[in-house]
Amino acid sequence: MADLPHSVDVRASIRFRFRGRDIELGDFAPRMTLLDWLRIERGASGTKEGCNEGDCGACTVVLVRRAQGAPNFTPVNACILLLGQIDGAELVTIEDLSSAPGALHPVQDSMVTHHGAQCGFCTPGIVMSLFAQHESKPQTLDADAVCDQLAGNLCRCTGYRPIIEAALAAHVVPPQGRWPGTEAMHAGDMLIGDDDQFFAAPASIPSLAALYAAHPDATLVAGATDVGLWLTKNLQDIRKIIWLGRVAGLDAIEAHADGLHIGAGVTLAALAPHLGALHPDLGEVMRRFGSTQVRSSGTIGGNLANGSPIGDLAPCLIALGAQLVLQKGDVLRHLPLEDFFLAYRKQDRLPGEFVHSVIMPPLAAEQAFRAYKVSKRIDEDISSVLAAFCFDVAQGRIGRARIAFGGMAGTPARARNAEGFAVGIRLQDESTWASALSALAFDFQPLSDQRASAAYRALVARNLLTKALIELRGESPATTRIAPPREP
């Protein structure tokens, strides 16, 4: 068995609840996805395989875990979620919603009544997303909330109007409450396999540090929203997986004098309200960050360690002056987030070193923040360009500037030339803006790809800086934006 020297209690199986039974599995390939287990091993073919990359939502299932004494219903993409990641959860699929033959769940019944399906291939995933929302019973539900819930569920036959109507109609029916969920995660470390091939789930930060130091060639997995595609699209044979979802303390958010300390394992869904409270633009970026399924699984540490040049979080956090905390063994290392990204998909991270946390300083009273995401679709789309700006403003003049972009280079990066020329800008005098706008051409030489051309990106970057300055001058976002920000 692989080395977990800090562990006292190591178990060699995953445990979860499925269809009224407690399941224990100790023999499966580390790279097996939940969708493959359902369809191939269990014959549960109601959960569909569509895009196999977490975009279409046809494979949506729900994991139920208890939090603060109540069940928490989390929709996830089974196609890219690893089987081992359901440890400690109750698994609910489309076949499980009927309480008896012919007795449909209120969401299913409403979908039938409102003609919410045609070909039906996407319907199981749509029902599961709406099921999670229905059983969570939000106090109020409107079309916007339904659309946010369904952003990761594509339907090209029916159209969304009858589906939205079905969700709103079902909302008046109380939750069924038949899925109590599981209690807290089982204690102790988990490791299935041997030194050559394993799926491991350390339960503490010391256990994680020890295991990763012993196996620096292992792949760290948080939500698998990107690693899952390495398996399903690139067909990589990943033999050593360390799942971070059970590491106590890695999912903490704590307020300190120097700002929020956000554990690397905090999910994007858990992070969203904290960022939204800091600034509405951050809330809007998070609302449009992937889909409900992606935000439920993906983490801040995974998003940053992934090092994508078009990730949405990194430019925002860089503009805010965030610090990254890395850990190797017992040693913690701090560095500015922008210094973490060295080149395309290459970060300043040593073998055996992992992302521990992010320190996000608060916005000072004199600071003005703006963030804009430009993509071909409003919902569930990768950014062509994401711009984030943080300016110190006093008496209508910019005194300090931090400007960061995603999609403009091989890494998320600051526009240091533009920052220098932005200092001293008088917001009411547009003639003082020109140098900063022109300097962007010296900060970035963007590439052309399927999302945008280099010329388009350069023009958009300039326009977004202009928009930020116009808004800081006093123009209402209602006149500068396609749609006003919404809370996530």
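So Arg31 passes all but one of these: (1) in a loop (DSSP other than H, G, I, E, B); (2) touching a residue at least 40 places away in the same chain (Cβ under 8 Å); (3) charged (D, E, K, R); (4) closer than 23 Å to Gln149 by Cα. Which condition number does it fail?
(4)
Name the residue, out of Val460, Val385, that is buried (at least 20 other Cβ atoms within 10 Å of the Cβ), in contact with a Lys or Arg (Cβ under 6 Å, 6 or more places away or on another chain), β-branched (Val, Ile, Thr) and on the phi < 0 side of the Ramachandran plot.
After applying the criteria, what remains is Val385.
Consider segment 94-117. How many of its residues are over 22 Å from Arg42 (Cα atoms), touching a residue at least 60 places away in the same chain (Cβ under 8 Å) and in a helix (DSSP H, G or I)?
So the count comes out to 4.
Evaluate segment 236-255: report whether one residue or more is among the basic types (Lys, Arg) and more than 25 Å from Arg11 (Cα to Cα).
No, because not a single residue in segment 236-255 is among the basic types (Lys, Arg) and more than 25 Å from Arg11 (Cα to Cα).
Sort out for me the helices (runs of 4 or more DSSP H) sitting completely within segment 374-488 that have 2 or more residues that are within 22 Å of His279 (Cβ to Cβ).
416-422, 454-473, 477-480
Looking at (1) in contact with a Pro (Cβ under 9 Å, 6 or more places away or on another chain); (2) over 23 Å from Gly259 (Cα atoms), find the lone condition where Arg349 falls short.
Every listed condition holds for Arg349 apart from (1).
Is it the case that Glu41 is farther than 20 Å from Ser98 by Cα, over 21 Å from the mean Cα position of the chain (by Cα) and among the acidic types (Asp, Glu)?
Numbers: farther than 20 Å from Ser98 by Cα: yes; over 21 Å from the mean Cα position of the chain (by Cα): yes; among the acidic types (Asp, Glu): yes.
In short, yes.
Of the residues that sit in segment 399-424 and are crowded, with 24+ Cβ neighbours inside 10 Å and over 29 Å from the mean Cα position of the chain (by Cα), which one is nearest to Gln445 (Cα to Cα)?
Ranking the candidates gives Ala418 first.
Is there any pair linking a residue in segment 204-222 that is over 15 Å from Leu250 (Cα atoms) to one that is in a helix (DSSP H, G or I), with Cβ under 7 Å and at least six apart or on different chains, and which?
Pairs that qualify, where the first residue is over 15 Å from Leu250 (Cα atoms) and the partner is in a helix (DSSP H, G or I), are Ala218/Tyr212; Thr219/Val227.
Confirm whether Gln428 is without any contact (Cβ under 8 Å) to a residue 60 or more places away in the chain, loosely packed, with under 14 Cβ neighbours inside 10 Å and touching a Lys or Arg at 6+ places or on another chain (Cβ under 7 Å).
Yes, satisfied.
What are the pairs, 6+ residues apart or on separate chains, where a residue within segment 34-59 that is farther than 18 Å from Arg156 by Cα has its Cβ under 8 Å from a residue that is of a type in the set (Phe, Trp, Tyr)?
Filtered contacts from segment 34-59: Trp37/Phe28.
With respect to the numbered conditions (1) farther than 22 Å from Thr267 by Cα; (2) part of a strand (DSSP E or B); (3) among the aliphatic types (A, V, I, L, M), which one is the sole condition not fulfilled by Leu91?
Of the numbered conditions (1) farther than 22 Å from Thr267 by Cα; (2) part of a strand (DSSP E or B); (3) among the aliphatic types (A, V, I, L, M), the odd one out for Leu91 is (1).
Just checking, which of Gly120, Gly152 is assigned to a loop (DSSP other than H, G, I, E, B), of a type in the set (Gly, Ala, Ser) and either within 25 Å of Ala70 (Cβ to Cβ) or modelled with pLDDT of 95 or more (or both)?
Gly152
Yes or no: segment 385-392 includes at least one residue that is within 16 Å of Gly424 (Cβ to Cβ), within 24 Å of the chain's Cα centre (by Cα) and among the hydrophobic types (A, V, I, L, M, F, W, C).
Within segment 385-392, one or more residues are within 16 Å of Gly424 (Cβ to Cβ), within 24 Å of the chain's Cα centre (by Cα) and among the hydrophobic types (A, V, I, L, M, F, W, C).
Quick one: Lys467 ticks every box in (1) at pLDDT 95 or above; (2) under 18 Å from Ile318 (Cβ atoms) bar one, so which box is it?
Unmet for Lys467, out of (1) at pLDDT 95 or above; (2) under 18 Å from Ile318 (Cβ atoms): (2).
Would you check which residues across segment 314-332 are crowded, with 24+ Cβ neighbours inside 10 Å and touching a residue at least 40 places away in the same chain (Cβ under 8 Å) and list them?
If we filter segment 314-332 for residues that are crowded, with 24+ Cβ neighbours inside 10 Å, which is where we start, we get 314-320, 324.
Selection gives Ala314, Pro315, Cys316, Leu317, Ile318, Ala319, Leu320.
Among (1) surrounded by fewer than 20 Cβ atoms within 10 Å (Cβ to Cβ); (2) out of contact with any Lys or Arg (no Cβ under 7 Å at 6 or more places or on another chain); (3) over 26 Å from Gln108 (Cα atoms); (4) not polar (S, T, N, Q), which single condition is Glu24 missing?
(2)
Looking for whichever is in contact with a strand residue (DSSP E or B) (Cβ under 8 Å, 6 or more places away or on another chain) and at pLDDT below 95 here; the options are Ala201, Ala209, Ala184. Which one fits?
Of the residues listed, the single one that is in contact with a strand residue (DSSP E or B) (Cβ under 8 Å, 6 or more places away or on another chain) and at pLDDT below 95 is Ala184.
Could we say that Val221 is among the hydrophobic types (A, V, I, L, M, F, W, C), modelled with pLDDT of 95 or more and within 24 Å of Cys59 (Cα to Cα) here?
So Val221 fits the description; yes.
Restricting to segment 207-228, what's the tally of residues that are part of a helix (DSSP H, G or I), surrounded by 17 or more Cβ atoms within 10 Å (Cβ to Cβ) and not hydroxyl-bearing (Ser, Thr, Tyr)?
7
Residue-wise test of (1) in contact (Cβ under 8 Å) with a residue 12 or more places away in the chain; (2) within 21 Å of Arg65 (Cα to Cα).
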site: Gln139; (1), (2): no, yes
site: Asp142; (1), (2): yes, no
site: Gln176; (1), (2): yes, yes
site: Asp189; (1), (2): yes, yes
site: Gln197; (1), (2): yes, no
site: Pro202; (1), (2): yes, yes
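The values are calculated or read from the model by the stated rules, or taken from the named source; none is laboratory data. Quick caveat: nothing in here was measured; it's all calculated off a predicted structure. Positions of Cβ are generated from backbone atoms using ideal geometry, with glycine treated the same way; all protein chains shown enter the neighbour counts.
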